[in-house]
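Every number in this text was worked out from the coordinates using simple rules, so none of it is lab data. Only a predicted model underlies this, so the values are computations on that prediction, with no experimental measurement involved. For neighbour counting, all protein chains shown are included, and Cβ atoms are generated from backbone atoms with ideal geometry for every residue, glycine included.
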Amino acid sequence: MHSLNRKLITYFLAVMLATSNMAFVSTVYARDYDSNTERPSGGAMLADAVLMRVPMTAVTIIGAAVFVVTLPFSALGGNVGEAGTKLVKEPFEYAWVRPLGEM
């Protein structure tokens, strides 16, 4: 039983690490993409929907949980708004507000 718990924790941490890496890499590509010059292809839309939107939704949910847990510390530090923006608002907007295919 202990071995099973250890494996589950290992798999969970591996998925979290992979998801967080995708979030950082995707923001670099998002800044470099110029939406005025070309329209995204169907493949780009599919890749965005499957490879970016799903993990970024998970990042948003995890960020919201971290925000709630760290809210007392943010309140004491006076940066509740900044923490909410970085942990919840920006991942949510990247996952749901931007046009499909614009990574």
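Overview of results
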item	result
Ranked S3, S74, S41, criterion: other C-beta atoms within 10 Å, fewest first	S3, S41, S74
Burial ordering of L76, L71, fewest other beta-carbon atoms within 10 Å first	L76, L71
